[in-house]
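Written below as structure tokens is the structure these notes are about.
The values are calculated or read from the model by the stated rules, or taken from the named source; none is laboratory data. Given the structure is predicted, the values throughout are model-derived calculations rather than measurements. Here Cβ is always computed from backbone atoms with ideal geometry, including for glycine, and neighbour counts include all displayed protein chains. Only protein heavy atoms, including side chains, enter the accessible area calculation; ligands, DNA and RNA are left aside. Shrake-Rupley method; radii C 1.70, N 1.55, O 1.52, S 1.80 Å.
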Amino acid sequence: MSVIGAKNLFVEHSTFSGTNGSDPQAGIDFEPNAPGNRLVNITLSNVTLADNSGHGIRMGTNRLAVHGPKRHPTQLGPGYAPTDFVFKDVHIHRSKQGGLYWDNMGEWTVSGQLLMQRVTIEDTVQAGLQLEGLAADHHRIAMEEVMIRRTAVVGWGMNPRTPSSAAPIVLGDPEHGNLALNFLVGTISFGGGC
């Protein structure tokens, strides 16, 4: 499923599996194309994402900001709308890339929040959770009962030239160094083989 823009989107009791073909090949791809698009009050509840050729969930929010003169990516862009995601009882497994990938890298940043409750990410080739281009001043990530196991498994088709995705959780911005985030972690655990 590709979502260019949405307000008050609720996806419940659904399975997205076997996605392949056109990039990014994610089970669910949040991919706004322009600053006028919005991703506000997005909820996934009791959703399974399995056997997708890309990530289980891919969130590319960097195009939500109005592009102007190049700024440091931690500066809020003009004309942006904050993003708001809630993922409850979500199971991501056997992705040929990573589990959940939030890419906010660009000329400007867009603020947002992500709440993950009872989320399991397992058996992915790349990182279980990869957050890039996010900044502590503008992003809030809250996790409760999140399980990440058997992710970033070398030998499952991983490209050896992409070591940034070779860990269960990847936080950072390769161009400007790692960025601290505001994490509110209830319970996060790593299962065997992570």
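Observations, loosely collected:
- Residue selected from the range 7-27 under the condition assigned to a loop (DSSP other than H, G, I, E, B) and farther than 19 Å from M59 by Cβ, by the criterion most open to solvent (accessible area, probe 1.4 Å): N20
- The residues of the range 4-16 that are at pLDDT 95 or above and within 18 Å of the chain's Cα centre (by Cα), listed by number, are L9, F10, V11, T15, F16.
- Screening A34 on (1) at pLDDT below 95; (2) surrounded by 16 or more Cβ atoms within 10 Å (Cβ to Cβ) shows it passes everything except condition (2).
- Qualifying residue in the range 80-92 (condition: outside any strand (DSSP E or B), open to solvent by 10 Å² or more (accessible area, probe 1.4 Å) and modelled with pLDDT of 90 or more): no
- Residue ID - nearest to G98 (Cα to Cα), chosen from residues in the range 49-58 that are open to solvent by less than 40 Å² (accessible area, probe 1.4 Å) and of a type outside the set (G, A, S): H55
- Some residue of the range 144-158 being modelled with pLDDT under 65 and crowded, with 16+ Cβ neighbours inside 10 Å: yes
- Top-ranked residue in the range 93-124 [being outside any strand (DSSP E or B) and open to solvent by 10 Å² or more (accessible area, probe 1.4 Å); ranked as modelled with the highest pLDDT]: R94
- The range 128-146 residues that are closer than 18 Å to S111 by Cα and among the hydrophobic types (A, V, I, L, M, F, W, C), paired with ones that are at pLDDT below 70 and in a strand (DSSP E or B) (beta carbon under 6 Å, 6 or more apart): A135/T109; A136/N182; I141/F183; A142/L184; M143/V185; M143/I188
- The single condition among (1) crowded, with 20+ Cβ neighbours inside 10 Å; (2) modelled with pLDDT under 90 that G68 does not satisfy is (1).
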